[in-house]
Amino acid sequence: MSIVPLTKKIGLITAIVALWSAQAFAQQKDIDKKIEYQSEQLEKIRKDIRTYKNDLKKAESKERSILTRIDETERSISLTEKLITQLNREQNQKERDIIRTERSIQLLESNLATLKKNFAKRLVYLHKNGQYSDLELIMTARSVNQAFYRYKYLRILAEIDRNTYNTIKNNISAINQKKNQLKNELRDKEQILNEKNNLKNNLKQQKRNHDRQLAVARKDKSNIAAQIKEKERAAAEMSRLITNLEKERETRRKELERQRALSGVEADNPFLASKGRLNWPAKGEIISRFGIQKHPTLKTITDNSGIDIKVRLGSPVVSVLDGVVTTITYIRGFGNTIIIDHGSGFYSVYAHVENIRVSENDYVTTNSTIAEVGQSGSLSGPLLHFEIWRNKTKLNPEEWLNKR
């Protein structure tokens, strides 16, 4: 049995294990970052729910209007849906982790089988050919030079045997660790599924309650007039949100540029270049235009900061252009609201939505579904309120959307 084939074989196996370990470690660091970020998002939503429940408890003793009670129900629905969406992401990540861990175990077990097989061959060879002791092998050499090479040969074999033994031992330890990790991941996935099921049942009850509240509120025209006032306050809140986003715009610019480079978007300012050609956020009829508007039945005058599109309940809401989701929030008068940063100071706003499909900081492509049309914050039935901003100035969306 020659020295070279044995050293090459063991060395190659050791190198493969070491290389795989290094790559797996680097990948695991990236995965851990994602898990940490997503768990951070999850904890943020849980904190928002706790805060909302505390506020609700404080308000229980006070007399509340039907609009206030609707607002409370819609906020609760919004937070519950947000939590379910994030739990879906956690579940998807956990399932990917489980697949990776199972593959890691398979690779480690395959490596272990190869190492054991080669080590077994080595032991069999020693058993068959090991009638001489190491000292005898050296002492029976025909020359000093041969004795030196035999000594060197024996040292190499001993080192290979030690390395192989330690690698086998480390692989067994790594397999046990990965199996424990897999067990924990499967347990976490089960907990996520149980929590999601409970939340979905709770959400159904909240939505039934919301439908009853809306039916009561719509019977009284004074509630519709009161909600129009709420929309004015909502417009002021939107202006404040956009102002705050402008302060943080530079932080998001690099991430948006990176995502666009990956997606092949080459224009320096794609939003400006798309004026008059943007996709519509939803298919429907405009029932309230941009600027000063007179209500058809109440005859009240309002300043609309965007357009209102009458759409069938549950219709998809799409992003008019690619960008980064900066805000998902509930605004009284607007209901569930999404804001997307399209770069160069341009923002699009989507209000009265439900079943939101995206999370804050997500990069979305043009025409990707971000939510469905709902009726949160609306007594006029399902509709989409849509706005476009440039820096701190609201723009007429009809001038930017394609002519249908």
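Tabulated data
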| read-out | value |
| --- | --- |
| Residue within the stretch 379-393 that is closer than 22 Å to Asn223 by Cα, polar (S, T, N, Q) and surrounded by fewer than 23 Cβ atoms within 10 Å (Cβ to Cβ) present | yes |
| The listed residue being at pLDDT 90 or above and among the charged types (D, E, K, R), out of Glu40, Glu72, Glu60, Glu36 | Glu72 |
| Filter pass, Ser143 being modelled with pLDDT of 75 or more, under 30 Å from Ile99 (Cα atoms) and surrounded by fewer than 12 Cβ atoms within 10 Å (Cβ to Cβ) | no |
| Residue check, Leu83 in contact (Cβ under 8 Å) with a residue 40 or more places away in the chain, in contact with a helix residue (DSSP H, G or I) (Cβ under 6 Å, 6 or more places away or on another chain) and over 22 Å from Asn201 (Cβ atoms) | no |
| Test result for Ser263, of a type in the set (Gly, Ala, Ser) and under 28 Å from Ser76 (Cβ atoms) | no |
| Strands (runs of 3 or more DSSP E) contained entirely in the stretch 324-404, each with at least 3 residues that are in contact with a Lys or Arg (Cβ under 8 Å, 6 or more places away or on another chain) | 369-373, 383-390 |
| Single unsatisfied condition, Leu199 versus (1) loosely packed, with under 13 Cβ neighbours inside 10 Å; (2) under 30 Å from Glu90 (Cβ atoms) | (1) |
| Residues satisfying the stated conditions in the stretch 208-236, i.e. loosely packed, with under 15 Cβ neighbours inside 10 Å, touching a helix residue (DSSP H, G or I) at 6+ places or on another chain (Cβ under 9 Å) and charged (D, E, K, R) | Arg218, Asp220 |
| Out of Glu285, Glu230, sole residue that is free of Cβ contacts under 8 Å to residues at least 60 places away in the same chain and under 18 Å from Pro382 (Cβ atoms) | Glu285 |
| Residues (more than 26 Å from Leu313 (Cβ to Cβ) and hydroxyl-bearing (Ser, Thr, Tyr)) located in the stretch 375-404 | Thr393 |
| Matching option when the condition is over 24 Å from Lys247 (Cβ atoms) and surrounded by 21 or more Cβ atoms within 10 Å (Cβ to Cβ), among Phe271, Phe290, Phe346 | Phe290 |
| Some residue of the stretch 39-49 being touching a helix residue (DSSP H, G or I) at 6+ places or on another chain (Cβ under 8 Å), in a helix (DSSP H, G or I), farther than 17 Å from Asn361 by Cα and basic (Lys, Arg) | yes |
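The values are calculated or read from the model by the stated rules, or taken from the named source; none is laboratory data. Only a predicted model underlies this, so the values are computations on that prediction, with no experimental measurement involved. Every residue, glycine as well, gets a Cβ built from its backbone with ideal geometry; the counts of neighbours run over all protein chains shown.
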